[in-house]
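Below is one structure, written out as structure tokens; comments come after it.
Nothing in this text is a laboratory measurement; each read-out follows from the coordinates by a stated rule. Not measured: the values here are computed from a predicted model. Ideal geometry is used to build each Cβ from the backbone, glycine not excepted, and the neighbour counts take in all protein chains shown.
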Amino acid sequence: MITGVCSLEDVNCPLLTSIKTPEETHKNQFATLLTPMPNPVNSETTLAFEIHQNADDIRLKISDASLKTLSTIFEGRVSSGKYNFPVSTKDWAAGIYYINLESDKYILTQKMVIVR
């Protein structure tokens with residue numbers, strides 16, 4: 001059982017399997033996960049992604065720093081194009097959160113910071 005929270009700088013973290021630059025973590029041949037706007041976030045932000053080719057089922061999720069999924073923003077099949085989702089964060093604590101765009105072929109991640 002893992003009891004602590006790991007940072008991306010902690011190379012001994014049992015959850016960390018690789019370290020990638022920001023460009024590598026949020027874009028691939030299938031999709032691009034755009035930076036939340038605005039980021040840092042106070043009470044509302046917009047999450048956006050682009051699909052470069054017709055995709056299988058995808059999921060857009062928000063996780064906390066311990067990687068626990070807090071919210072699934074979207075789940076379903078999409079065609080090529082850009083998608084935007086307004087998200088309210090006013091009930092969430094200040095801190096670091098992760099936006100994950102997932103399919104059976106990839107997981108793309110962006111960091112979101114909530115400030116109060």
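Brief remarks follow.
- Panel note: the C-alpha atoms of the stretch 22-114, placed on their principal axes, show extents of 35, 23, 23 Å (largest first).
- Exposure proxy ranking for 41, 113, based on other Cβ atoms within 10 angstrom of each Cβ and starting from the fewest, stands as 113, 41.
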